[in-house]
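Have a look at the structure below before the remarks.
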Amino acid sequence: MVSRGQNFQGDAPLLYLVSTPIGNLSEWSPRAIEVVGEMDYVAAEDTRNSAKLLAHFGIKKPMISCHEHNEEEASAKIVSLLLSGKKVCYMSDAGYPGVSDPGERLVKNCLKAGIRVSTLSGPSAALNALVASGLSTARFHFIGFLPAKDGERDETLSSLKNEEDTLIFYEAPHRIGKTLKAMASILGPREAVIARELTKQHEEYIRGNLQEFSELDPDTLLGEMVIIVSGTEKEKNASISPEEAKAYLQKAIAEGMLTKDAIKKTALWSGLPKNEIYDLYLSLKS
């Protein structure tokens, strides 16, 4: 059954998900500060850290702890408050609720109770690192933290060996050494970037390949990190000749597809580089 409803029309209960700064407090938006200031309660993954953030902006609110180990119980309390007419928002410790942080179960329970959900935009470590990495941003696969156990970690990495999209991982200092060695062993010497301490005073981007990263001194890799890894390159289909690709391209254009989309589709189908497909397109025009 389709469910529709404009979040800001009427007086239906609404949960705000509040993205919080990943380092630089100045990145908290004026809208987030305004909305949080209007709340009756602020639910948070870590009430101590969130209280410090609120205090920095002169906000003081009753707080509800909602973390990984009590999310189901805390969700029931938050749902009850929202249904009674109270205004409640939820903040994770840094970045977006639900993205490698609690919040997913809270959202599901609110939606199940007929409560609408809206997001206040803000910083994202994954996207910050991706767009500054210099690797492909056309398609990407967010994995987050790998499993803690070696076997499960290696199994997850093995399942990603043939992934063509750029891969995004989160990692902590106490695991980074083992993680980089496992990535080099399983994924090979792919181009990669480590982004650490994003938006903070010691922000650093480390560029190279996974084999080189596996030889880094892990004691120099401090703070929360994002690892961006290039996807595997698709093997070219040697059985597709330029003449066949040209015919495929001509058919796609004749069917009404935009030229750029037809070129991209033909390149994916044939395995030939896009510049070669573009040359075939020019030959069609002449």
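The values are calculated or read from the model by the stated rules, or taken from the named source; none is laboratory data. Keep in mind that what you see is a predicted model, and the values were worked out from it rather than measured. Neighbour counts are summed over all protein chains in view; Cβ atoms, including those assigned to glycine, are modelled from backbone coordinates with ideal geometry.
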task: Go through the residues of region 99-113 one by one and say whether even a single one is under 14 Å from S19 (Cα atoms), among the small types (G, A, S) and modelled with pLDDT under 95.
output: yes
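Yes/no matrix, rows are residues, columns are (1) in contact (Cβ under 8 Å) with a residue 12 or more places away in the chain; (2) closer than 22 Å to L127 by Cβ:
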| position | (1), (2) |
| --- | --- |
| D11 | no, no |
| G23 | yes, yes |
| E45 | yes, yes |
| L83 | yes, no |
| P102 | yes, yes |
- request: State yes or no: is A126 at pLDDT 95 or above and over 17 Å from L14 (Cβ atoms)?
  value: yes
task: For region 47-66, enumerate the residues that are of a type outside the set (G, A, S) and either touching a residue at least 12 places away in the same chain (Cβ under 8 Å) or within 16 Å of S118 (Cβ to Cβ) (or both).
output: T47, N49, L53, L54, H56, F57, I59, K61, P62, M63, I64, C66
- prompt: Within the set of pairs 6+ apart or on separate chains, which have a first residue in region 115-126 that is more than 20 Å from I33 (Cα to Cα), a second that is surrounded by fewer than 20 Cβ atoms within 10 Å (Cβ to Cβ) and among the β-branched types (V, I, T), and C-beta atoms under 8 Å apart?
  reply: A126/V99
- request: Please find, within region 43-74, the residue that is surrounded by the most Cβ atoms within 10 Å (Cβ to Cβ) out of those that are under 15 Å from P97 (Cα atoms) and in contact with a Gly (Cβ under 9 Å, 6 or more places away or on another chain).
  value: C66
Close pairs from region 143-161: first without any contact (Cβ under 8 Å) to a residue 12 or more places away in the chain, partner of a type outside the set (K, R), Cβ under 7 Å, at least 6 apart: P147/T156
- request: Tell me which residues, restricted to region 18-38, are closer than 20 Å to S84 by Cβ and either small (G, A, S) or buried (at least 18 other Cβ atoms within 10 Å of the Cβ) (or both).
  value: V36
- prompt: Would a scan of region 203-221 turn up a residue that is touching an Asp or Glu at 6+ places or on another chain (Cβ under 9 Å), surrounded by 12 or more Cβ atoms within 10 Å (Cβ to Cβ) and assigned to a helix (DSSP H, G or I)?
  reply: yes
query: If S92 satisfies every condition in (1) surrounded by fewer than 13 Cβ atoms within 10 Å (Cβ to Cβ); (2) polar (S, T, N, Q); (3) at pLDDT below 95 but one, which is the exception?
result: (1)
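Condition check ((1) in contact with a helix residue (DSSP H, G or I) (Cβ under 9 Å, 6 or more places away or on another chain); (2) β-branched (V, I, T); (3) modelled with pLDDT of 95 or more; (4) not assigned by TED's automatic domain parsing to the domain that holds A138) across all residues:
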| residue | (1), (2), (3), (4) |
| --- | --- |
| N162 | no, no, no, no |
| L167 | yes, no, yes, no |
| T179 | yes, yes, yes, no |
| P189 | yes, no, no, no |
| A192 | yes, no, yes, no |
| R207 | yes, no, yes, no |
| Q250 | yes, no, no, yes |
| T259 | yes, yes, no, yes |
| A262 | yes, no, no, yes |
